[in-house]
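First the structure, in the form of structure tokens, and then the observations on it.
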Amino acid sequence: MKQKYFHLVLGILILSLFGALFYNLSFKSYLLNEYPYIYQEYYGEDNRVIIVPIIGDLVTSQDKENPNSIKTDRDLDADKIAEFMKAKSKDEGVKGFILEIDTFGGNTVSDEIMKQTIEDIELPIISVVKDHALSNGISLSSYSDYVFISPLSDIGDIGIINMMGLDNIKGSGEVLCWVPSSKFKSVYLPQCDKSLINPLVYLNFRDNAINDVVAGEMEFIKAIAEARNLSFEEVLEVGQGKIMTGKEAVERGLADKFGNMNDALKWFEEREGKELRLEFTPIF
Amino acid sequence: MKNVMKVAILSLLFIASLWFLGSALFVKAQIINSPDAYIFDKSGNPIVVIVPIEGDLSSTIFNPTYSGKAWEFNTEGTSALFFERSIYPLSKNENIKEFLFLVNSDSDNGPAAEEISRIIKQIPQPTTVIIQGEVGRASYIVASGADTIVMEKDANLVNLGNVGMSIHRTDYGTKERKCETSTKDIHTLTESDCKSFLDEDQIENLREYILDRTKIQQEIMASNRNLPIEKITNLLNRSLSASEALDRGLVDLIGNKEEFLELVYSKIGNFKILNIGDKK
């Protein structure tokens with residue numbers, strides 16, 4: 001390359017670099033001075049509270065990958081949520097998490113994953129219950145440090161459903177049968193066609209499943225009672241798959257206060273004694 | 001200096017320039033494509049934000065591609081999440097002097113309505129709702145969160161506080177069975193189709209579910225409007241015209257958007273409108 005062209009291009013590029021740098025810094029400075037909340041949204045690394053949307057039903061990574069498991073378009077991967085929260089909790093700019101709950105529930109393994117994650121993370125984790133916190137939703141909110149809820153939210157549906165595919169004796173494949181832990185859990189559950197199943201196999205499945213789901217529901221109630229510092233009997237009263245309003249949940253000590261995301265942010269700001277910002281994250 | 005070195009230096013300078021410029025432009029493009037686009041308006045005029053609240057109300061619209069703060073929450077109907085992410089943050093801007101919400105929804109989603117109403121109450125600027133069309137059931141909860149409720153003279157308030165419920169079930173070998181009921185039909189619940197697949201306890205539980213939520217909705221409306229609850233409880237089967245709603249204290253004025261904007265002009269002079277509906 002000829003020396004004079006090199007110097008010319010070099011000069012132009014140095015000027016361009018200064019121009020671009022000046023534009024970049026003045027743009028950031030404009031946002032920081034005039035609209036600090038917008039600056040924080042795009043450039044801020046400190047003083048963040050992470051919103052974790054639990055908008056959908058919790059399953060495990062294994063369930064998601066298993067071609068035989070029943071799937072819905074609302075499935076959320078609890079393993080990925082746990083991984084994400086643990087990684088974020090190591091970030092010094094993160095002051096805590098808000099679980100934004102709108103869920104019909106999920107399976108018991110995903111509930112264990114979320115419970116363990118909440119226990120393992122030392123930062124405060126609070127919940128904002130939106131439309132629904134059913135089944136796993138109420139356990140998730142109970143494990144958190146504080147619960148904001150709408151007086152009209154649906155919360156509860158404590159109980160377990162056992163599902164099994166039984167051999168179809170009149171054809172190929174399996175017949176799906178469900179056994180809920182209580183009658184209020186079964187309102188939406190279809191009855192399986194017993195004429196397609198060996199009656200002895202069905203009775204055996206049902207008897208074993210009933211024992212399992214009833215024991216499961218008792219464990220469920222115990223876990224919520226412990227997490228919310230309530231007696232077993234107090235939670236048992238709203239067991240059996242019953243659904244409460246948010247108002248009743250606050251009256252019974254299963255949620256703390258009526259409020260929304262703005263109230264949750266204030267909760268953190270009062271605790272930290274400074275202004276914080278919410279960081280929105282995608283659904284998993 | 002070797003040619004390779006020269007090219008490397010020039011390339012580095014070029015990439016660095018592109019990076020500084022590109023990263024700022026990328027953020028600017030994101031802001032321009034959001035409700036915060038107004039920040040690049042240098043006129044300094046006061047701003048009035050107009051937000052339509054229409055279609056089905058929802059708490060969270062499930063969207064697997066949800067990016068965290070985007071517009072997709074408001075593509076069909078109106079969600080509380082959209083209000084939380086996109087509307088409330090606007091209230092931090094001092095140039096925004098008024099919020100106007102145009103409510104035209106017959107939704108019966110009480111939780112979503114309560115969430116939206118709560119966010120409207122948290123906005124520090126003056127808030128006004130204009131009720132348009134046939135607004136009923138839960139949607140009046142949204143309106144009751146505003147400082148001022150204006151009702152168009154042809155609008156109606158219908159079945160305030162009514163809670164609807166629908167349960168569908170298909171057992172193997174049978175057709176789908178439906179149990180559809182609401183507060184105003186609650187007295188027919190035991191004679192309804194619900195009996196075909198729900199037992200007495202389940203029906204009683206359903207009745208309690210609906211009545212509990214109806215009562216809470218009525219309490220929220222009465223409390224937001226500082227009215228005795230009796231003024232709300234007898235409106236379940238009623239359709240109210242604007243003048244009836246005004247007489248009962250359910251709204252503050254009869255008018256429309258143009259009259260509201262004239263009123264704002266008389267208070268603050270020239271202003272710009274940020275119409276959130278245009279972004280949908």
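Quick notes on this one:
- Considering residues of the range B:79-97 that are surrounded by fewer than 21 Cβ atoms within 10 Å (Cβ to Cβ) and assigned to a strand (DSSP E or B) only, the residue farthest from the other protein chains (Cβ to nearest Cβ): B:97
- Only residues that are farther than 28 Å from residue B:115 by Cβ and either more than 9 Å from every other protein chain (Cβ to nearest Cβ) or in contact with a His (Cβ under 7 Å, 6 or more places away or on another chain) (or both) were counted in the range B:190-221, giving 10.
- Of all residues making up the range A:251-266, the number that are among the hydrophobic types (A, V, I, L, M, F, W, C) and either crowded, with 22+ Cβ neighbours inside 10 Å or within 21 Å of residue A:104 (Cβ to Cβ) (or both): 4
- The residue that is farthest from the other protein chains (Cβ to nearest Cβ), counting only those in the range A:252-271 that are acidic (Asp, Glu) and in contact (Cβ under 8 Å) with a residue 24 or more places away in the chain, is A:256.
- Whether a residue is crowded, with 21+ Cβ neighbours inside 10 Å, of a type in the set (Ser, Thr, Tyr) and touching a residue at least 24 places away in the same chain (Cβ under 8 Å) was assessed, and residue A:89 does not pass this test.
- Verdict on residue B:201 being assigned by TED's automatic domain parsing to the domain that holds residue B:137, at pLDDT 85 or above and charged (D, E, K, R): yes
- Odd one out for residue B:229, checked against (1) within 14 Å of another protein chain (Cβ to nearest Cβ); (2) without any contact (Cβ under 8 Å) to a residue 24 or more places away in the chain: (1)
- Residue ID - nearest to the other protein chains (Cβ to nearest Cβ), chosen from residues in the range B:121-158 that are surrounded by 24 or more Cβ atoms within 10 Å (Cβ to Cβ) and over 17 Å from residue B:252 (Cα atoms): B:138
- In summary, residue A:81 fulfils each of the numbered conditions (1) buried (at least 22 other Cβ atoms within 10 Å of the Cβ); (2) within 10 Å of chain B (Cβ to nearest Cβ); (3) in contact with a Phe, Trp or Tyr (Cβ under 8 Å, 6 or more places away or on another chain) with the single exception of condition (2).
Conditions tested, residue by residue: (1) in contact (Cβ under 8 Å) with a residue 24 or more places away in the chain; (2) under 29 Å from residue A:118 (Cα atoms).
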position: A:21; (1), (2): no, no
position: A:28; (1), (2): no, no
position: A:35; (1), (2): no, no
position: A:42; (1), (2): no, yes
position: A:46; (1), (2): yes, yes
position: A:52; (1), (2): yes, yes
position: A:64; (1), (2): no, yes
position: A:78; (1), (2): yes, yes
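- Among residues of the range A:272-284, those that are more than 13 Å from chain B (Cβ to nearest Cβ) and surrounded by 19 or more Cβ atoms within 10 Å (Cβ to Cβ), counted: 1
- The set of residues from the range B:159-172 being surrounded by 18 or more Cβ atoms within 10 Å (Cβ to Cβ) and either at negative phi or of a type in the set (Val, Ile, Thr) (or both) comprises B:160, B:162, B:163, B:164, B:165, B:169.
- All positions within the range A:10-22 that are surrounded by fewer than 16 Cβ atoms within 10 Å (Cβ to Cβ) and either at the interface with chain B (Cβ under 7 Å from one of its Cβ atoms) or under 22 Å from residue B:28 (Cα atoms) (or both): A:10, A:14, A:18, A:19, A:22
- Pairing each residue of the range B:187-198 that is at pLDDT 80 or above with any residue that is assigned to a helix (DSSP H, G or I), provided the two are 6+ apart or on different chains, yields C-beta distances under 6 Å for B:194/B:203.
- Residues in the range A:181-204 that are closer than 12 Å to residue A:166 by Cα and surrounded by 18 or more Cβ atoms within 10 Å (Cβ to Cβ) were compared, and the one that is nearest to the other protein chains (Cβ to nearest Cβ) is A:192.
- For the range A:32-63, filtered to residues that are within 20 Å of the chain's Cα centre (by Cα) and either exposed (fewer than 14 other Cβ atoms within 10 Å of the Cβ) or more than 23 Å from residue A:138 (Cβ to Cβ) (or both), the residue that is farthest from the other protein chains (Cβ to nearest Cβ) is A:62.
The values are calculated or read from the model by the stated rules, or taken from the named source; none is laboratory data. Worth saying up front: this structure is predicted, and the values here are computed from it rather than measured. Don't worry about glycine lacking a Cβ; one is built from the backbone with ideal geometry, like all the others, and counts go over all protein chains shown.
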